[in-house]
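What follows is a single structure, written as C-alpha cells, with notes after it.
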Amino acid sequence: MSALPPAREPSGRQSKQPSGKLVYLGLGSNLGDRYANLRSAVEQLTAPDLRLLRLSGLYETEPIGLRDQAWFLNQVAEFETDLMPLQLLRRAQKVERALGRRRTVRNGPRTLDVDILLFGSAVVDCDDLTVPHPRYHERRFVLAPLAELNPALRDPRTHQSVTQLLQAVRGQAVRRVQE
Ligand code: AMP
C-alpha cells in the first residue's frame, strides 16, 4: 500500500498557519512630534522575531489621571512574535528609551509609551509584567483602536470580547484623526 500524500488545500497550496503568537501593543505619545514618535516606534519594534501585521487608525485622546498635559495620540499595533512575554517587554522598553522617554511623573507626559495589551491567550502575572494589561479593559483609547483591528478578540481572563468591553466604557473623549 502506498503512503498518502500530505494534506493540502484544494488549490494544491499548503495552508499557512501563523508561526508565532498574535500580540497587540498599545502605543501612545503626547510629547514632541507625536505622529513621528508613533511611526518611529513601529519601525523600531518591527524585527524578524516581531513581525508587524496591522496598524489601527490614530486616536487623539484626553489624558487620564494628570489632566494638565497635552492630549495623547494613540494607536494599536498587531504583531506576530516568537518572543516570550518578558522578552517582548524588554524590547518595548528599549524602544521607549530610544525615543527619549524618561520615567519621571507617573501618568505624566511621555514621548512614547508601549503597553503589552494581549499576548495570544496568555495570562501573565509577575513582578514586571501583567498580561492582559491590567487597565486596558477600562480605556476607550485602547479598546476603540483594538476593536478596529479585531472586535471579536476575547480577553483570556474574562472571556469578554473587545466589543463588549468597549460598550461597557463610560465617558472619555477619543477622536479618530486623519493621518
Ligand atoms: P508605564 O509607566 O505606564 O509605562 O508602566 C510601566 C511599568 O509597567 C513597567 O515597569 C512594566 O514593568 C510594568 N508593566 C506591567 N504590565 C505591563 C504591560 N502589560 N505592558 C507594559 N508594561 C507593563
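The values are calculated or read from the model by the stated rules, or taken from the named source; none is laboratory data. As the structure is a prediction and not an experimental result, all values here were calculated from the model. Glycine also receives a Cβ, built like all others from the backbone with ideal geometry; neighbour counts cover every protein chain displayed.
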Note down all Cβ pairs under 7 Å where the first residue falls in segment 162-176 and is in contact (Cβ under 8 Å) with a residue 24 or more places away in the chain and over 13 Å from VAL76 (Cβ atoms), the second is surrounded by fewer than 16 Cβ atoms within 10 Å (Cβ to Cβ) and of a type outside the set (A, V, I, L, M, F, W, C), and they're at least six residues apart or on different chains. VAL169/GLU138; GLN172/GLU62; ALA173/GLU62
I need a count of the residues in segment 113-133 that are in a loop (DSSP other than H, G, I, E, B) and more than 7 Å from the ligand (Cβ to nearest atom). 7
Tell me, please, whether a residue that is more than 22 Å from LEU58 (Cβ to Cβ), charged (D, E, K, R) and out of contact with any His (no Cβ under 7 Å at 6 or more places or on another chain) can be found in segment 156-173. yes
Can you find a residue that is crowded, with 19+ Cβ neighbours inside 10 Å and touching a residue at least 12 places away in the same chain (Cβ under 8 Å) anywhere in segment 121-129? no
If only one of LEU73, LEU83, LEU89, LEU118 is among the aliphatic types (A, V, I, L, M), buried (at least 18 other Cβ atoms within 10 Å of the Cβ) and under 14 Å from GLY28 (Cβ atoms), which one is it? LEU73
A careful count of residues in segment 47-91 that are of a type in the set (S, T, N, Q), closer than 27 Å to VAL177 by Cβ and at pLDDT 95 or above gives 3
Identify all residues within segment 155-179 that are part of a strand (DSSP E or B) and crowded, with 16+ Cβ neighbours inside 10 Å; write none if there are none. SER161, VAL174
